[in-house]
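The structure appears right after this line, and notes come after that.
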Amino acid sequence: MEIMRIRIGRISFSSIGRFTAAGFLCLALLAGAAHAQVTMPAHGALKQMTQEAMLDFALAVKAKDFTVFYTKISQLWQSQTTKEQLAQLFRSFIDQDIDLTILAGHEPAFKKKPYLDPNGWLALQGGYEVYPFIVDFTLKYLYEAPAWKLVGIDVETSPMAGSRPTPGAMPTTEELQKMVEDTMLDFARAVNSRDFSGLYARLSESWKKQITLEKLAATFKPFSDNNIDLTGLKGHEPVFTQAPSINEKGLLRLKGIYKVYPLGVPFDLTYIYEAPSWKPFGVNVKVTPMAAPKAQTGGIPPEPQLKELAHRTMLDFARAVKAKDFGDFYDTVAKVWQNQTPRDAFGRLFKAFTDKNIDLTIIDGLDPALEKKPYLDNNGWLHLDGAYPTKPSETHFNLKYFPGDGGWKLVGINIQIR
């Protein structure tokens, strides 16, 4: 018979500027207790797990509400505590209004090599140095298929040595770029998830007095509705089109653009200084198409190659519709399209075909005819318009291809049966 002894949580607080809070399930199992064989995640995945856990924790503390955080911890931990008890574990952070949302966009540094303990739990130890805090953490995860789930968290903050930034002083160029990158990535994640709570938590208090979470989400609803994915901006530097400036009201304005083909993403961001840092006070983002670099477009292939290209695309699409599975078809389209539409949403674009059980595999063995002269548009995209002599109705197509990814890759498809 297996015996389990459980101890939940410890909290301490000292008045010298260091805050510590911990919540752990400490399990003592009899020797020889079996546990599932699991594999250590990749380094990048470990950092992503850490960032998500720390941001979830920061948002819970800031909101003084651990409801969402509670839903993300392991079932084992949930079975031993309630969300109210969880909030009590971190009361020292809540009472002192410790705002760790400033960690968003910063990467953790592991101070000890991640490891699996004898129980198969994954332990991550490291920290952040983000003014005005040094933040040390220990996170423990239990594998509950199909994912690792948090089973313990220990967070300790201490003040960072050095003087505070001069309120209202112009940040360095590197700091300005980092501000833009953090805000734009927060925005991109909010649009993708259709959840603006994370972005809203990092806005300035001044702006939050003027806008609600619901209004913020409604403002950018067209981005979400059109599945505009801007997470591809990560790793690209913004280009300032106007010199950063601070006006007479103390508002910092950063205006510029990202150029990540095929999109240009102009931004106009406003910040206000709320100690100890600049916080967003206004976000204006647009998306515009970019012309392809001339070196990318090349020439139009000869007609036999164009027909082969169109026929291959049409057959791949026909098979996907018939199987009601667009996974393989998704892998054939251009990455720029994949960046705009996630895999799990791709099939919904063609729901009208699958719902009506339209069988286009009848084109197999037929030769497509090009009805218009193929051409390159201003973006350098190749357009192919043609038809198959299917009966009783002809199958007409308009296909658009992107000149990259090692060849011509599909970025648009329109099919009509008439």
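The values are calculated or read from the model by the stated rules, or taken from the named source; none is laboratory data. Because the structure is a prediction, the values reported are computed rather than measured. Heads up, the Cβs are rebuilt from the backbone with ideal geometry, glycines too, and the neighbour counts pull from every protein chain shown. What goes into the accessible areas is simple: the full protein's heavy atoms, side chains included, and nothing from ligands, DNA or RNA. Shrake-Rupley method; radii C 1.70, N 1.55, O 1.52, S 1.80 Å.
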Here the residues within the range 373-418 that are among the small types (Gly, Ala, Ser) and part of a loop (DSSP other than H, G, I, E, B) are Gly380, Ser393, Gly406
Among helices (runs of 4 or more DSSP H) entirely within the range 31-129, at least 3 residues that are farther than 18 Å from Tyr141 by Cα occur in 43-63, 83-89, 91-95
Log entry, pairs with first residue in the range 393-410 being under 15 Å from Gln305 (Cβ atoms), second being open to solvent by 20 Å² or more (accessible area, probe 1.4 Å) and modelled with pLDDT under 90, beta carbons closer than 6 Å, six or more apart or on different chains, reads Tyr401/Trp408; Pro403/Gln296; Pro403/Thr297
Restricting the range 288-306 to residues that are under 18 Å from Asp367 (Cα atoms) and surrounded by 13 or more Cβ atoms within 10 Å (Cβ to Cβ), the one modelled with the highest pLDDT turns out to be Leu306
When Ile134 is run through (1) β-branched (Val, Ile, Thr); (2) under 23 Å from Val68 (Cβ atoms); (3) open to solvent by 30 Å² or more (accessible area, probe 1.4 Å), the failure sits at (2)
- Can you find even one residue in the range 373-385 that is in contact with an Asp or Glu (Cβ under 7 Å, 6 or more places away or on another chain) and touching a residue at least 40 places away in the same chain (Cβ under 8 Å)? no
query = Do the conditions hold for Leu100, that is, is it in contact (Cβ under 8 Å) with a residue 12 or more places away in the chain and over 30 Å from Met179 (Cα atoms)?
reply = no
Being modelled with pLDDT of 90 or more and either in contact with a His (Cβ under 6 Å, 6 or more places away or on another chain) or of a type in the set (S, T, N, Q) (or both): is that true of Asn378 here? no
Check: Does the range 30-39 contain at least one residue that is at negative phi, in contact with a helix residue (DSSP H, G or I) (Cβ under 9 Å, 6 or more places away or on another chain) and either modelled with pLDDT of 90 or more or surrounded by 11 or more Cβ atoms within 10 Å (Cβ to Cβ) (or both)?
Finding: no
Pairing a residue in the range 170-199 that is touching a residue at least 24 places away in the same chain (Cβ under 8 Å) with any residue that is β-branched (Val, Ile, Thr), where Cβ atoms lie under 6 Å and the two sit 6 or more apart in sequence or on different chains, gives Ala188/Thr231
Q.
Would you confirm, using the coordinates I've provided, whether Leu376 is surrounded by fewer than 18 Cβ atoms within 10 Å (Cβ to Cβ) and within 34 Å of the chain's Cα centre (by Cα)?
A. yes
Checked the range 202-222 for anything without any contact (Cβ under 8 Å) to a residue 40 or more places away in the chain, open to solvent by less than 50 Å² (accessible area, probe 1.4 Å) and part of a helix (DSSP H, G or I); matches are Lys208, Leu216, Ala217
Among helices (runs of 4 or more DSSP H) entirely inside the range 227-339, those with 2 or more residues being farther than 30 Å from Met170 by Cα, within 23 Å of the chain's Cα centre (by Cα) and free of Cβ contacts under 8 Å to residues at least 24 places away in the same chain are 327-332
Only one of (1) more than 30 Å from Gly232 (Cα to Cα); (2) at pLDDT 90 or above; (3) surrounded by fewer than 16 Cβ atoms within 10 Å (Cβ to Cβ) does not apply to Ile363, and that is (3)
| task | May I ask you to verify whether Ser74 is over 22 Å from the mean Cα position of the chain (by Cα) and open to solvent by less than 10 Å² (accessible area, probe 1.4 Å)? | result | yes
**Report entry** Flag if Glu84 is open to solvent by 10 Å² or more (accessible area, probe 1.4 Å), closer than 26 Å to Glu205 by Cβ and modelled with pLDDT of 85 or more
**Finding:** no
Note on the range 358-372: residues in a loop (DSSP other than H, G, I, E, B) and either in contact (Cβ under 8 Å) with a residue 40 or more places away in the chain or in contact with a Pro (Cβ under 8 Å, 6 or more places away or on another chain) (or both) are Ile358, Asp359, Leu360, Asp364, Leu366, Asp367, Pro368
Checked Phe66, Phe110 against criteria (at pLDDT 85 or above and under 21 Å from Leu199 (Cβ atoms)); the one match is Phe66
inquiry  = Taking the criterion of being out of contact with any Leu (no Cβ under 7 Å at 6 or more places or on another chain), open to solvent by less than 100 Å² (accessible area, probe 1.4 Å) and closer than 16 Å to Thr390 by Cβ, would at least one residue in the range 326-335 satisfy it?
reply    = no
The lone condition Asp355 fails out of (1) open to solvent by 50 Å² or more (accessible area, probe 1.4 Å); (2) in contact (Cβ under 8 Å) with a residue 60 or more places away in the chain is (2)
The condition of being surrounded by fewer than 18 Cβ atoms within 10 Å (Cβ to Cβ), over 26 Å from Asp56 (Cβ atoms) and at pLDDT 85 or above holds, among Asp195, Asp182, Asp268, only for Asp268
